[in-house]
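Here the structure comes first, spelled out in structure tokens, and everything after it is commentary.
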């Protein structure tokens, strides 16, 4: 995405069908939200993870805030670079991350067993509350 994004404004190909300034502003806002979620998760994780299952903080709302932050940042960069190709790449990343999350959850169930299954019931949303 980093290579595709700058090509759009430089060569005028793959432009989003909105004004470039609006796209850049939307991209900055989305990117900042994603960075905020990432750093909130990172700081919380560093302070609280000691080999146990973490169920507090942002984990009360979603089970995989790291993936959430990466998706938000990806869409933010796509809009910032004003690029349809970058948006398509961000969209393609969604099912890839969903597959990764499902695989990771299988490992977490093996590692934490019943405790993780209970956590899954209590926190049903993987990356986006009320959606997935």
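Values as computed for the structure displayed
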read-out: Residue that is assigned to a helix (DSSP H, G or I), within 30 Å of residue 109 (Cα to Cα) and at pLDDT 95 or above, where the choices are 59, 36, 31; value: 36
read-out: Residue check, residue 39 under 17 Å from the mean Cα position of the chain (by Cα), loosely packed, with under 13 Cβ neighbours inside 10 Å and over 22 Å from residue 95 (Cβ atoms); value: yes
read-out: Options 73, 54; residue that is farther than 13 Å from residue 27 by Cα and at pLDDT 90 or above; value: 54
read-out: Per-region count, the stretch 93-132, residues outside any helix (DSSP H, G or I) and closer than 11 Å to residue 67 by Cβ; value: 4
read-out: Filtered residues of the stretch 42-55 (kept if under 22 Å from residue 124 (Cβ atoms) and either assigned to a helix (DSSP H, G or I) or within 19 Å of the chain's Cα centre (by Cα) (or both)); value: 44, 45, 48, 54, 55
read-out: Hits in the stretch 87-107 - residues which are touching a residue at least 24 places away in the same chain (Cβ under 8 Å) and either exposed (fewer than 11 other Cβ atoms within 10 Å of the Cβ) or farther than 30 Å from residue 17 by Cβ (or both); value: 100, 101, 104, 105
read-out: Meets criteria (surrounded by 14 or more Cβ atoms within 10 Å (Cβ to Cβ), at pLDDT below 90 and more than 20 Å from residue 97 (Cα to Cα)) for residue 17; value: no
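The values are calculated or read from the model by the stated rules, or taken from the named source; none is laboratory data. Being a predicted model, the structure only gives us computed values, none of them experimental. For neighbour counting, all protein chains shown are included, and Cβ atoms are generated from backbone atoms with ideal geometry for every residue, glycine included.
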